[in-house]
1. Where the centroid of each part is defined by its Cα atoms, how far is segment 95-150 from segment 1-61 in Å?
2. Could you calculate the FRET efficiency of Lys27 with Ala152 from 1/(1 + (r/R0)^6), where r is the beta carbon distance between them and R0 is 25 Å, rounded to 0.05?
3. Is the shape of the chain rounded, prolate or oblate, going by the alpha carbon gyration tensor and its root eigenvalues a ≥ b ≥ c, with a/c under 1.5 for rounded and a/b larger than b/c for prolate?
4. Tell me, what is the per residue accessible area of the chain in Å², probe radius 1.4 Å?
5. Once both labels are modelled 7 Å past Cα along the beta-carbon direction, what's the Thr100-Asp60 spacing in nm?
6. Rounded, prolate or oblate: which fits segment 1-88 when a ≥ b ≥ c are the square roots of the eigenvalues of the alpha-carbon gyration tensor, with rounded for a/c under 1.5 and prolate only if a/b beats b/c?
7. May I ask which residue of Asn54, Thr72, Asn104 lies farthest towards the positive end of the charge dipole of the chain, with charges of +1 (Lys, Arg) and -1 (Asp, Glu) on Cβ and the Cα centre as origin?
8. Could you calculate the contour length gain from Thr136 to Thr4, that is, 0.36 nm times the residue separation minus the distance between their Cα atoms, to one decimal place in nm?
Amino acid sequence: MKATITPTQIEHKMDVDDFIVSKTDLKGRITYANRTFLKIGQYPLGSLLNVQHNIVRHPDMPRGVYKLLWATLKKGDEFFGFIKNMCANGDYYWVFANVTPDSNVDGKLHGYYSVRRQPSERALALMVPIYKEMLTIEKRMGAREGPEKSVAYLNELLAEKDTNYRDFVLDLYKN
Ligand SMILES: Cc1cc2nc3c(=O)[nH]c(=O)nc-3n(C[C@H](O)[C@H](O)[C@H](O)COP(=O)(O)O)c2cc1C
């Protein structure tokens, strides 16, 4: 079971040459985490093996973003997004994540793979208020309807800007 950790306001920033890598099985249980993941998350070696990836989920993150992540993966596509993660002691760090289906050479899907890089301050300044509004919607609508409604808000907001989440975050990451 996931332990309850109290979030702190202490941020750990990724370095520009940091890569946080993890792999999971089909159910999202961690099968591999690189040293940078353990270091920034303050997890001892071996402690994340077979643990659900939601161990690093931060309560400031709207559930709608993970709904989007899993819907993208289930379609066989790769997901890009900005994610706030929690360290073992409640501190936090932001990442720009790429999550992809992970197949054997015979094409059989056996899990998922993620590489995370440093997000820019400019990108986060734009993402944070959007996620905040999504979270407000989720709190207002409740656990059942909330994530769907928050994703609808996100999609509508981005459609007004003639874009979608994938293109929006990729543009933010690149520029
Ligand atoms: C390869 C892979 C990497 C993931 N990386 C993260 C991550 O960095 N942070 C996170 O909160 N969730 C990540 N997730 C999503 C989690 O599995 C989970 O859906 C999410 O934390 C929401 O938790 P919940 O489903 O219990 O609400 C990842 C999933 C996969 C398959």
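The values are calculated or read from the model by the stated rules, or taken from the named source; none is laboratory data. Bear in mind that the values here come from a model prediction, so they are computed numbers and not experimental data. When we count neighbours, we look across all protein chains shown, and the Cβ atoms used for this are built from the backbone with ideal geometry, even at glycine. Please note that ligands, DNA and RNA were not included when accessible areas were found on the heavy atoms of the full protein model with its side chains. Shrake-Rupley method; radii C 1.70, N 1.55, O 1.52, S 1.80 Å.
1. 14 Å
2. Details: r = 27 Å, r/R0 = 1.08.
The calculated FRET efficiency here is 0.40.
3. Values: a/c = 1.38, a/b = 1.20, b/c = 1.15.
Since a/c stays below 1.5, the shape of the chain is classed as rounded.
4. 57 Å²
5. Distance between the two pseudo-spin positions: 3.0 nm.
6. Numbers: a/c = 1.35, a/b = 1.26, b/c = 1.07.
It comes out rounded by the Cα gyration axes.
7. In the chain, that residue is Asn54.
8. Values: separation 132, 0.36 × 132 = 47.52 nm, distance 2.16 nm.
This chain segment gains 45.4 nm when fully extended.
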